[in-house]
Structure formats: C-alpha cells, structure tokens
1. What dipole magnitude, in Debye to the nearest 20, does the chain give about its Cα centre under +1 on Lys/Arg Cβ and -1 on Asp/Glu Cβ?
2. So what are the ³J(HN,Hα) numbers for the stretch 74-87, from phi and the Karplus equation (6.51, -1.76, 1.60; θ = phi - 60°), rounded to whole Hz, Gly and Pro as x?
3. Using a Förster distance of 25 angstrom, determine the FRET efficiency expected from the C-beta separation of D466 and H342, and round it to 0.05.
4. Residue by residue through the stretch 181-192, what is 3J(HN,Hα) from phi via Karplus (6.51 cos²θ - 1.76 cosθ + 1.60, θ = phi - 60°)? Round to whole Hz and write x for glycine and proline.
5. Could you calculate the contour length gain from E289 to R319, that is, 0.36 nm times the residue separation minus the distance between their Cα atoms, to one decimal place in nm?
6. Output the peptides 155-167, 78-90 sorted from most to least packed, where packing is the average of other Cβ atoms within 10 Å over each peptide's residues.
7. Would you tally the net charge around L379, using a Cβ to Cβ cut-off of less than 10 Å, leaving L379 out, and scoring K and R as +1, D and E as -1?
8. Percent of accessible area on the stretch 131-276 owned by carbon and sulfur, 1.4 Å probe?
Amino acid sequence: MISRAVVLFAAFACFAQSSDAQQSERSPNVLLIVSDDLQACLGCYQNSTCQTPNLDRLAKEGILFERAYCQYPVCGPSRASMMSGLYPNLTKMLGNKTTLGAFHETNADLAHHPSIGEFLKTNGYVSLRVSKIYHMGVPGGIEAGDRGGDDPLSWDRAFDIMAPETASLGELELLSPIRKHYGSNFARIITPDEAATTQTDYLAASQAIAILENRARGRTDSRFLRPEQPFFLAVGFVRPHVPLIAPKRIFDKYPVDSVELPNVPENDLDDVPSAAAGMENFGRYGMNEEQQKIAIASYYASVTFMDEQVGRLLETLDRLNLRDDTVVIFTSDHGYNLGEHHCWQKLSLFEDSTRVPLLISSPDHTETAGQTNSEIVELIDLYPTIADLCGLKKKSPQILQGQSLVPILESPGNVMDADAHAYTVTYQRGESLRAGPWRFNRWGNSGEELYDHESDPGEFTNLATDPDHTAAVDSLRTQLTQVRESSEKSTGSSD
C-alpha cells in the first residue's frame, strides 16, 4: 500500500512547474466557517436528532465529505495544521498555546511560511478574521476578549469577540461533579430567549455581517474595505465547545428524557493498549446517567444555536447578491466524543473524535451540488483547495502537505486517490492512520489497534493481535511509518 504523503512529497519538487493551463483566472470570495468541538452529528450526516437546517441547506448547495479527518483532536494543534496546510509533526504545535504567531513560533523553520490568510492577502485578497480561528481560550479567553494564539500575519483586520460565556443570564449548572474546570468540564446554561443576542456566536455572526455589509456598500477608496478586491473571511464559532449555552426555545427541542446514550459493549476497552485506554476519560467527569443525557441534549442545543448563526451568514450573502461569487466552506477543528467507548470530549483516536463535518459549496461547481463523496480527506487539504479555487494553484507554497479537493468538487463520484489516507496524532505518542476500511492506531511501544469499518464501524473489536489480520497490520504499520516520516519533513519552498 503506497502512502499518499509519499506520492505527494515526491511531486513537491516540481510542483511549481506543474501543468496548470486550464486553471481559472476567477478570484471568488471565500467564507470559511469553523465550528469548535463539533462531531459529525448534523442532520445532513444522517443524525435524526440534532437539528441543523442551515447546514443541511449548505450541504445541498455543495459537496458533503463523508470521511474528513482532523490531524490532531485538540483545538490549537488542529487549527495551526489546517491554516498552515502542514501536519502537526512539522508545525511542532502539539498542544494548546496562546503565543501570538501560532506555527511560526513553534517551528522557527516555518517563519516565512504563509498561512492560508497570509497567502491570499499577498495575492490580491482582503483577509479578515472574526473570533476563534487559531487557538483561543473558551470560555476564559472569550470572556476577556483575548486574541489567544492568533497569527497576526494572516489578516488585514481581525475582530475578537468579548462575551459573557459563564456569566451569561441563566443558571450555570455543572454536570460533571469531578471535572470542574470550565474549559474542559460539562456545564450548561439555558439562557433566556431575549438574551440570545449577547452570546459569542451571535456576536461573531453580527460582526461578520457588518463586514459583508460594509464591503458591499463601502467606498472604493477605503484601504481596509477594498470592495474591488475579493475577500477571505474566516469566521470562528465557539459552540458547541463547553459551556453548553443556548436559548431556552432551542433547549426545548431536546427533552432530556428522549436522549439515548450510545451503545457501549461491556468491557469495551479491555482489548486496547493501556495508553489508548488512558484516553478513556469517563472517570474525569463522574457523570451519572441523567447527567450524561443532559450533556448530550445540551450539546445538540448548542449545535442548533450555532447552525442558526451559519444561517444568518448565508442569508446575508444572498441578500447582498454575493452568493454567486463566494465559496463557502464549513468544518470543525476536530470531532468529539459523547459517551462512545465511555469517552467524553476529545483527545481519543476513535472515529467520533477524529472525524469532522466538511461541506464545500463553490459557485463554479453548481452542477455537482447536493452530492456526497466518501473518499478519505484531511483538514490539511483545505489550503491547497482554497488556493486552487481562487486561481492561485501555481503560486501555492511547495511545502504544502495536503492536496486540492477541486477534482472531487468537479466529479464527486470519482475516486481521486485510491490510496487516500488520513493521519492523526494525539497525546501519549498516539498516532492513527485511516486508510480504506481500516483504522490503525499505534501508541509508541505500548501497543496497537486495528479496526475494520466494514464489519465493525463502531470500532469495538481490536484486531491488531488477530493472526488472521497479521498481513494487514504489517502493511499498515509500514505505511504509518512512511507517513510519519514524510509528515516530519520540510520538502519544497514556503515561498
């Protein structure tokens, strides 16, 4: 089995000279929307409980990627990886950091490597950020109006949101008796309907709408607005990151007694390495069954509230006649566990923690709108995809480790890469390769996991020590080593 990363790196040396005669000169606007801690629980991903009508609409207007994966199931490393187009092993950001400069600070060799925003900014775009795109503390950083670990070089203008979060109107109810830290516990606030406009994501959407309004109607001589140039607008929504906050009218959609906890077989984690079992974090929260159900209902309420803000942005694009000139991309920084394998929140290498929703709607690809693609893709693919859609493929940094998804937008039913894979790393030397039907996890010298998604989509049976799967383990172990080695190398130029 040949690694996609190996093939890609072999091509980097000649990337700038690649044939690109058919590349469009069109320069569409780009609206990138990034949610926080969102598993693929949307209605368009066949979740019959969580209500997301606006994102479901976006899926019908673009391509839904069924198997998209993050590169690190934690905010800071994942966002730095996505915005740089590089694996965490190369950015060297392997934890949350609030130092300005993001990956430029964690790896000095990348000091001149432009993020997506900086790349577009230097190629004729107005680059704008609203709220959380790089790491930003939630709720603390939001309550202080901090920039967090932002990369200032990415933007012409950046707008931070200051919002009440844990001080929101309503009762702050702790759901996790053992875990009390408000950045990583489970807590909810049912805020009054009339207080919805005070919430972080509502404020972020309002700021983004103000930018769109001003650019659509602003003076042509404004150095900041520059309405004659296309824009790259990155909007970060913090929900459904804890604390789980939404108006009462939305909480009413999710009665706790209707919530079903995920099925977890008895002794589910007995066959996984101790390091992997350490990612099982039920013991960190100490929630009883009722509290678990409330947490899930509250999570869905937060998702629905975030979905409403996406709807406000889409409506604004329509109202200002910008939709036909704007690429819209929606994703999350990583997935999330809601009790699967007794895991809660992130950190693990199971499917729900590493898989993310990914929707891409391009005005130049309306003939394929509403279709889905089941090829394995990664968040690092967004950088080359955006560059390609913006007519800047030939100018892209040679160092990029992802690949453009435009061929999928053009023909969603075709297989772009038969050897497509996703590579994810996490704490305790954990690393995962998602390839074909397999998920192969390795925890340093502590052990391995192998799951066959064709027969075991819930990842309940570890086949790594099964003699019938020795050949598969050997092949995937070799591929994982190749991908790891490639992910650590800086091949090609950042310029």
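The values are calculated or read from the model by the stated rules, or taken from the named source; none is laboratory data. The structure displayed is predicted, hence computed values, not measured ones. Note that each Cβ is placed from the backbone with ideal geometry, even for glycine, and that neighbours are counted across all protein chains shown. Ligands, DNA and RNA are excluded from the accessible area calculation, which covers all protein heavy atoms including side chains. Shrake-Rupley method; radii C 1.70, N 1.55, O 1.52, S 1.80 Å.
1. Dipole of the chain, to the nearest 20 debye: 1640 debye.
2. 9, 3, x, x, 5, 5, 5, 5, 4, 6, 8, x, 10, 5
3. The pair D466/H342 has a calculated efficiency of 0.60.
4. Listing the rounded values in order: 5, 6, x, 9, 8, 10, 9, 9, 9, 8, 8, x Hz.
5. 6.3 nm
6. 78-90, 155-167
7. Local charge sum for L379: -2.
8. Within the stretch 131-276, the accessible surface is 49 percent carbon and sulfur.
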